[in-house]
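Peer 1: Dumping the structure here so I can ask a few things about it.
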Amino acid sequence: MRLQQKTALVTGAAGGIGSAIARCFAREGAQVILADVDFDGCTRVLDDIRQAGGDGSAFRADLSDEQQVLALFSRIRERYGRLDILANIAGGDIEPAASVEELDAEKISRNLDMNLKSCMLCCREAVKIMKPQQYGRIVNMSSLVYRGSPAQFSYSASKGGIFSFTRSIAIALGSSNITANALAPALVEVDAFVRALGQERWNALARASAERYPLGRIATPDDVANAALFLASDDAAFITGQLLEISGGARL
């Protein structure tokens, strides 16, 4: 198993992508720490992991709140004493279809907090554990819209910021044997997207996207989880500061 004897924190672990990554890491031998504002969702994922023979723990945390981030990492230190892998998956988009003229200051701040700020705070605290170990693997969640989007302005800005931040910490932390990379999925089939759009609009979007992607389908959460596993494992020990597009060839 590729993550045997590793301790991994997965944020956003109650969501479709985060839960797939948590399960994937557990199957590969990691002791998985699940964190999400949706604690009940985390516990359901943890129950699945334990039933499959894995182990871990679940914590409720709003990772855009610095005090809750500090409390989470304090509990990780107390319970585990180390952290080998951080997968920053928590995030979302609360302003997905506003025009430039309609951008709302509060929603801009919320998108930046949920995506970019939460990622930066978790990396900051994780590095305080990883540096003394002289070992760490950081996997951050960007998006294919880091390149820009005609509809997701604050969200794409946050995801572009995550890529820049990831490159910056990769430069800063390489001498401590800590790698930092980012994932950039295209459209992924997760329940949250379906609920947000409604089944009819989702079906139309998924169909149109699949027709544009050279591989002829949209991504599954497992597609993203397998990429995260690669970057979190020692198979990627000499890869850092990179953004891996999981796009089925979209935007080639």
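The values are calculated or read from the model by the stated rules, or taken from the named source; none is laboratory data. Everything numeric here is computed off the predicted structure, so don't read it as measured data. Methodologically, a virtual Cβ is constructed for each residue, glycine included, from the backbone with ideal geometry; neighbour enumeration extends over all protein chains shown.
Peer 1: Scan the range 93-110 and tell me whether some residue there is within 15 Å of the chain's Cα centre (by Cα), closer than 26 Å to E245 by Cβ and surrounded by 20 or more Cβ atoms within 10 Å (Cβ to Cβ). Full working, then the answer.
Peer 2: First, the residues of the range 93-110 that are within 15 Å of the chain's Cα centre (by Cα): 93.
Those left that are additionally closer than 26 Å to E245 by Cβ: 93.
Then drop every residue that is not surrounded by 20 or more Cβ atoms within 10 Å (Cβ to Cβ), which leaves 93.
Yes, the range 93-110 contains at least one residue that is within 15 Å of the chain's Cα centre (by Cα), closer than 26 Å to E245 by Cβ and surrounded by 20 or more Cβ atoms within 10 Å (Cβ to Cβ).
Peer 1: Confirm whether L116 is assigned to a helix (DSSP H, G or I) and either touching an Asp or Glu at 6+ places or on another chain (Cβ under 9 Å) or among the polar types (S, T, N, Q) (or both). Don't jump to the end; show me each part of the working.
Peer 2: On the way: assigned to a helix (DSSP H, G or I): yes; either touching an Asp or Glu at 6+ places or on another chain (Cβ under 9 Å) or among the polar types (S, T, N, Q) (or both): no.
In short, no.
Peer 1: Considering V139, V224, which residue is crowded, with 19+ Cβ neighbours inside 10 Å and touching a Pro at 6+ places or on another chain (Cβ under 7 Å)?
Peer 2: Numbers: V139 fails: touching a Pro at 6+ places or on another chain (Cβ under 7 Å).
Criteria check complete, one pass: V224.
Peer 1: Restricted to the range 119-166, and to residues that are outside any helix (DSSP H, G or I) and at pLDDT below 95, which residue is farthest from L103 (Cα to Cα)?
Peer 2: Of the residues in the range 119-166, the ones outside any helix (DSSP H, G or I) are 134-143, 148-152.
Filter once more, so that each one left must be at pLDDT below 95: 148-152.
Details: G148: 16, S149: 14, P150: 13, A151: 10, Q152: 10 Å.
Within the range 119-166, the match that is farthest from L103 (Cα to Cα) is G148.
Peer 1: Starting from residues that are touching a residue at least 60 places away in the same chain (Cβ under 8 Å) and among the hydrophobic types (A, V, I, L, M, F, W, C), keep the ones in the range 127-152 and report whichever is farthest from A87 (Cα to Cα). Full working, then the answer.
Peer 2: Quick first cut of the range 127-152, residues touching a residue at least 60 places away in the same chain (Cβ under 8 Å) only: 137, 139, 141-142, 144, 146-147.
From the residues that got through so far, the ones that are among the hydrophobic types (A, V, I, L, M, F, W, C) too are 139, 141, 144.
Working: V139: 5, M141: 8, L144: 18 Å.
Taking the candidates together, the pick is L144.
Peer 1: Here's a follow-up. From the list L46, L72, which one is within 27 Å of A219 (Cβ to Cβ) and among the hydrophobic types (A, V, I, L, M, F, W, C)?
Peer 2: Values: L72 fails: within 27 Å of A219 (Cβ to Cβ).
Exactly one residue qualifies, and that residue is L46.
Peer 1: Checking the condition over 28 Å from R110 (Cβ atoms) and either of a type in the set (S, T, Y) or within 15 Å of the chain's Cα centre (by Cα) (or both), which residue from D222, D234 passes?
Peer 2: Details: D234 fails: either of a type in the set (S, T, Y) or within 15 Å of the chain's Cα centre (by Cα) (or both).
Residue meeting the stated conditions: D222.
Peer 1: Residue by residue through the range 168-191, note down the ones that are over 17 Å from L144 (Cβ atoms), of a type outside the set (S, T, Y) and not in a loop (DSSP other than H, G, I, E, B). Give the steps one after another, and end with the answer.
Peer 2: Step one: of the range 168-191, the residues over 17 Å from L144 (Cβ atoms) are 168-180, 191.
Of the ones still in play, those that are also of a type outside the set (S, T, Y) are 169-174, 177-178, 180, 191.
Within the range 168-191, I169, A170, I171, A172, L173, G174, I178, A180, D191 meet the criteria.
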